[in-house]
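S.K.: My questions will all concern the structure given below.
The values are calculated or read from the model by the stated rules, or taken from the named source; none is laboratory data. This is a predicted model, so every value here is computed, not measured. Heads up, the Cβs are rebuilt from the backbone with ideal geometry, glycines too, and the neighbour counts pull from every protein chain shown. All accessible areas refer to the heavy atoms of the entire protein, side chains included, with ligands and DNA or RNA removed. Shrake-Rupley method; radii C 1.70, N 1.55, O 1.52, S 1.80 Å.
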Amino acid sequence: MLVRGGIFASFTLLGGILIRRWREPGGCGKNVACDKCKESDQCRLPDANKHRSEKARSPITMVWQLDPAKCIQCGRCATNCVLTPSAVKCVHVYAMCGYCDLCGGYFKPETKTLNTAAENQLCPTNAIKRKFVEDPFFEYTIDEPLCIGCGKCVKGCSSFGNGSLQLQVRHDICENCNQCAIARNCPSDAFSRVPATEPYLLRQIAEVKQTVNAKHLIFIFLMIAFSFQFLDVFGVQRFPRPEFETGYVQPETLQPSARAEILAVMDVAILLVSLSVVTWLVLKKRSRFGVFLASLFSLAYFGFYRQGCICSIGAIQNITLAIFDSSYIIPLTAIAFFLLPLVFTLFFGRTFCAAVCPFGAIQDLVSFRPQKLGTRLNAVLGLIPFIYLGLAILYAATGTDFIICRYDPFVGIFRFNASFGMFIFAGTLLISGIFIARPYCRFLCPYGVLLNWISRFSWKHLTITPSRCIQCRLCEDSCPYDAINIPLTDKNPEKRSATIRKLILICFLVPFFTVLGGWTGSQVHETLAGVNGKVRLAKALLDPGKISDQPENIEVTAFKSSGKPVSLVYSEATLVLKQFYDGGWILGCFLGLVFGITLVSLMISTFRTDYTPNKGSCFSCARCVDFCPVQKNDELLKTS
């Protein structure tokens, strides 16, 4: 009871910290109002000016935003998005357009004839439509279903025009992934998480005018120094906003709304109801068929309808990043999806795994001929989730990557757009799941580690029999997850001397493996940090030949165009390496401790008289309930 109270208090404290950060002034994690923040002038939060004199909070949901001022049109938006074609589209800001006859975003630079022939168009998919308005003006519109987000037209318009063509995330089609695949590979860090109420960031005409005027001042100074004859050429803006005489009405720039926040609240409500219903089915009704129907609903809703995002497993990374990075704006849905299953597990066991998690549900459907693996093999394979969890926390804490989302095997199945590699990975898990029940849940899932720990202290857990075990052994082979404890009636299976030797060995092995693991983790910290973008950029600047296999080395090009000093990159990379060194020690000690405790658990025998579910590894699926005759006999007695 004391341990359970301590765990619940920890949940309350963690939730309070995260909720407080969710409601902090400014919405950026800084405990200071926008009007008093020293960094308010450089703040990149949408509509920051409005919040400078008032308190703001993060919204319930967050979306991905593309900053056109940072975008270098590298082409990765077209190739890295999980959708085909990409959710990033070209947007035409008509208020900035000069309606040019010779449009740099429409025609190829080498075009000799200004007609709409395919060989003259810069867009590879013919997604830009050209329509005559009045002499000499033409209107250019984007056919978004054809646009692939390659950015070629944007680069042409920025180089030779006013920059009215811009790339933006279209939130009516964006999946709003927990970790955007484009943002992860963007060389200029042009993507960021912003409140869903301010999803778009468009360059306005005022910005362009300011840029053009600054250029004009430079040119005018040079022209005064060399010759006054060029003043007439550069004295006015080259492509000013046209004044139409035919009554032409300028179209509005389309900005589809993001997913309504009420739907995010509905997701949390459905999660809460699902957990409650499944808990009732497991503990009160003891119905395996009811649990099966609930798993079908979860698979349909959280899996194929919500497409596996946001999920409790991936929320580990959101929580970690929010703890270690005060500027990260964590959505309320991520907090709820992370904490609710843990709280239910603390009181009622792993009912989330039973039928609410779509990953477990899809694996449950293919468990036709499950085979037992044995205690030792289960223990060895059971170490993999701890490694996965440790790496996920390390990479999220350092802001490197969300590896749980990157290597999610089932999201591509739910979205029907899995890459070939992930399709093979998911297919392997499902095929092996025919003979090894729930392989991902048992031997990969990092969230399962937390559920396993907490479930051991659950208040009310599923029992095989509703009353007294009659030792019929019918349930012994009913669990496909090897989660039933077999009775061990011998209280003293070993001699006293052997027990003392084991205790001495345990006292030596656990600290030894802990220290050895920490030292090993610190030695490989540079290898672990090699995937961090700042470290890779620093290595590229120090020795470009080492990553010459990277196409065009866009990261270096983006850095040089930013105007930042090289010393800043080196200092940031040094800080990241220091974080990985410290994190390597912590990760190694954690894994060494887990390995030592696993060995200890295999060496120690526990006295028990009945068949009971292992509270840690039991998924509360209620399969064993159908094999117990005690309940059936009770029902027969009641009916007679």
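S.K.: Going by what's in this entry, would residue 634 be described as at pLDDT below 90, acidic (Asp, Glu) and assigned to a loop (DSSP other than H, G, I, E, B)?
M.R.: Criteria not met by residue 634.
S.K.: So, one more: For residue 392, state whether it is assigned to a helix (DSSP H, G or I), among the small types (Gly, Ala, Ser), under 24 Å from residue 317 (Cα atoms) and without any contact (Cβ under 8 Å) to a residue 60 or more places away in the chain.
M.R.: So residue 392 does not fit the description; no.
S.K.: Then there is this: Residues in the stretch 395-416 that are open to solvent by less than 50 Å² (accessible area, probe 1.4 Å) and either under 19 Å from residue 310 (Cβ atoms) or without any contact (Cβ under 8 Å) to a residue 24 or more places away in the chain (or both): how many?
M.R.: Qualifying residue count for the region: 15.
S.K.: Pull up the stretch 158-192, narrow it to residues that are in a loop (DSSP other than H, G, I, E, B) and open to solvent by 30 Å² or more (accessible area, probe 1.4 Å), then point me to the one that is farthest from residue 90 (Cα to Cα). Break it down into steps so the answer makes sense when it comes.
M.R.: At the first step, the residues of the stretch 158-192 found to be in a loop (DSSP other than H, G, I, E, B) are 161-164, 170-180, 186-190.
Checking which are open to solvent by 30 Å² or more (accessible area, probe 1.4 Å) leaves us with 172-176, 179, 189.
On the way: 172: 14, 173: 14, 174: 14, 175: 18, 176: 18, 179: 22, 189: 18 Å.
Looking at residues that are in a loop (DSSP other than H, G, I, E, B) and open to solvent by 30 Å² or more (accessible area, probe 1.4 Å), I get 179.
S.K.: Those residues that are of a type outside the set (D, E, K, R) and either open to solvent by 60 Å² or more (accessible area, probe 1.4 Å) or not in a loop (DSSP other than H, G, I, E, B) (or both), I need them from the stretch 95-116; list them, please.
M.R.: Of everything in the stretch 95-116, those that are of a type outside the set (D, E, K, R) and either open to solvent by 60 Å² or more (accessible area, probe 1.4 Å) or not in a loop (DSSP other than H, G, I, E, B) (or both) turn out to be 95, 96, 102, 107, 109, 113, 114, 115, 116.
S.K.: Inside the stretch 574-608, can you point out the residues that are closer than 30 Å to residue 538 by Cα and of a type in the set (Ser, Thr, Tyr)?
M.R.: Within the stretch 574-608, 574, 581 qualify.
S.K.: Would you check if there is a residue in the stretch 379-386 being surrounded by 22 or more Cβ atoms within 10 Å (Cβ to Cβ), touching a residue at least 60 places away in the same chain (Cβ under 8 Å) and under 30 Å from residue 517 (Cα atoms)?
M.R.: yes
S.K.: Name the one entry in 554, 597 that is open to solvent by 30 Å² or more (accessible area, probe 1.4 Å), among the β-branched types (Val, Ile, Thr) and on the phi < 0 side of the Ramachandran plot. Can you show your working first?
M.R.: Working: 554 fails: open to solvent by 30 Å² or more (accessible area, probe 1.4 Å).
Going through 554, 597 in turn, the sole match is 597.
S.K.: Report the residue count in the stretch 332-352 for those that are in contact (Cβ under 8 Å) with a residue 60 or more places away in the chain, touching a Ser or Thr at 6+ places or on another chain (Cβ under 7 Å) and assigned to a helix (DSSP H, G or I).
M.R.: Adding up the residues that qualify gives 10.
S.K.: Additional query: I want to confirm something. Restricting to the stretch 282-309 and keeping residues that are under 21 Å from residue 627 (Cβ atoms) and touching a Phe, Trp or Tyr at 6+ places or on another chain (Cβ under 9 Å), which single residue is surrounded by the most Cβ atoms within 10 Å (Cβ to Cβ)?
M.R.: Filtering the stretch 282-309 for residues that are under 21 Å from residue 627 (Cβ atoms) and touching a Phe, Trp or Tyr at 6+ places or on another chain (Cβ under 9 Å), the one surrounded by the most Cβ atoms within 10 Å (Cβ to Cβ) comes out as 282.
S.K.: Which of the residues spanning the stretch 358-369 are under 27 Å from residue 395 (Cα atoms) and open to solvent by less than 10 Å² (accessible area, probe 1.4 Å)?
M.R.: 359, 360
S.K.: Yes or no: the stretch 312-323 includes at least one residue that is over 30 Å from residue 164 (Cα atoms), open to solvent by 40 Å² or more (accessible area, probe 1.4 Å) and modelled with pLDDT of 80 or more. Step through it out loud before you land on a result.
M.R.: Filtering the stretch 312-323 down to residues over 30 Å from residue 164 (Cα atoms) leaves 312-323.
Of the ones still in play, those that are also open to solvent by 40 Å² or more (accessible area, probe 1.4 Å) are 323.
Narrowing the set further to residues that are modelled with pLDDT of 80 or more leaves 323.
Checking the stretch 312-323: at least one residue is over 30 Å from residue 164 (Cα atoms), open to solvent by 40 Å² or more (accessible area, probe 1.4 Å) and modelled with pLDDT of 80 or more.
S.K.: If a residue counts only when it is aromatic (Phe, Trp, Tyr) and under 30 Å from residue 315 (Cα atoms), which helices (runs of 4 or more DSSP H) contained entirely in the stretch 435-534 have at least 1 such residues?
M.R.: Output list reads 439-443, 446-455, 496-523.
S.K.: So, one more: Checking residue 329 against (1) within 24 Å of residue 391 (Cα to Cα); (2) assigned to a helix (DSSP H, G or I), which test does it fail?
M.R.: (2)
S.K.: A further question follows. Can you run down the residue pairs with Cβ atoms below 8 Å, 6 or more apart or on separate chains, where the first is in the stretch 273-288 and on the phi > 0 side of the Ramachandran plot and the partner is part of a helix (DSSP H, G or I)?
M.R.: 286/625; 286/631
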